[in-house]
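Engineer: Quick one: structure below, then a few questions.
The values are calculated or read from the model by the stated rules, or taken from the named source; none is laboratory data. Keep in mind it's a predicted model, so treat the numbers as computed, not measured. Using ideal geometry, Cβ is built from the backbone for each residue, glycine included, and neighbour counts are taken over all protein chains shown.
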Amino acid sequence: MLASRPMDPLEKFIELFARARATPGFAEPTGMTLATVGADGRPSSRVVLLKSVDAAGLVFYTNTLSRKGRDIAAHPEVALSFWWPHLEAQVRFEGRALRVPDSEADAYFTTRPRESQLGAWASSQSEKLSSREELEQRFAALERKYQGKIVPRPPHWSGYRVAPLAIEFWFNRPGRLHLRELYTRRAPGEAWTMTLLNP
């Protein structure tokens, strides 16, 4: 069943996200599962944190040389999912991940705790580590290097904005007659079409 002129699903998500964040007792409402596919065709998933969302899409930050960064470089098409059990709701996104402008990444990096800024330099994310001591020594060396100084953003640390082409809302209902609303569009900026799906 198709519905004409549906509500913008990103606006709908932003409202639901605000409810998820306002509900006490849920540890990490910003956590979202990011699924990627590497150059070898192997899928991978992990939880990352949503840092901002607007009409252009959803933004997260990471080491661009990590496995997820390499996957996105090979195949920028990704999927995201949120599960909020306290709202009995799930939201899925499918879209293309693109690097945010350096100015945007710089601005966000300045808001991070200093330890996290140093950690972005210390960790060669997803690479083999001989021991915890090696990582801790690198961190200590960076603390000395930047003592009393501003920690710059590493060139390999940035953000990605996922511009969705499909968004599905799932809401729990009695008798497993769940409500599923799928919003799709052919390209960013185009109008959305909403389709109801069988549960």
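Engineer: Can you confirm whether Gly38 is modelled with pLDDT of 95 or more and in contact with an Asp or Glu (Cβ under 7 Å, 6 or more places away or on another chain)?
Structural biologist: Yes.
Engineer: For region 99-194, please list each of the helices (runs of 4 or more DSSP H) lying entirely inside it that holds at least 3 residues being within 21 Å of the chain's Cα centre (by Cα) and either closer than 24 Å to Ala56 by Cβ or in contact (Cβ under 8 Å) with a residue 40 or more places away in the chain (or both).
Structural biologist: 102-109
Engineer: Find all pairs meeting these conditions: Cβ atoms under 7 angstrom apart; at least six residues apart or on different chains; first residue within region 41-67 and among the hydroxyl-bearing types (Ser, Thr, Tyr); second residue modelled with pLDDT under 95.
Structural biologist: Listed pairs, sorted by first residue: Ser66/Gln125; Ser66/Ser126.
Engineer: What is the residue count in region 74-89 for residues that are part of a strand (DSSP E or B) and surrounded by fewer than 17 Cβ atoms within 10 Å (Cβ to Cβ)?
Structural biologist: Number satisfying all stated conditions: 2.
Engineer: Does region 90-99 contain any residue that is farther than 30 Å from Ala191 by Cβ and surrounded by fewer than 18 Cβ atoms within 10 Å (Cβ to Cβ)?
Structural biologist: no
Engineer: Looking only at region 23-37, decide whether some residue is in contact with a Gly (Cβ under 8 Å, 6 or more places away or on another chain), of a type outside the set (Ser, Thr, Tyr), in contact (Cβ under 8 Å) with a residue 40 or more places away in the chain and farther than 30 Å from Gly175 by Cα.
Structural biologist: Here is the first cut: in region 23-37, the ones in contact with a Gly (Cβ under 8 Å, 6 or more places away or on another chain) are none.
Checked against the condition, which is being in contact with a Gly (Cβ under 8 Å, 6 or more places away or on another chain), of a type outside the set (Ser, Thr, Tyr), in contact (Cβ under 8 Å) with a residue 40 or more places away in the chain and farther than 30 Å from Gly175 by Cα, region 23-37 yields no hits at all.
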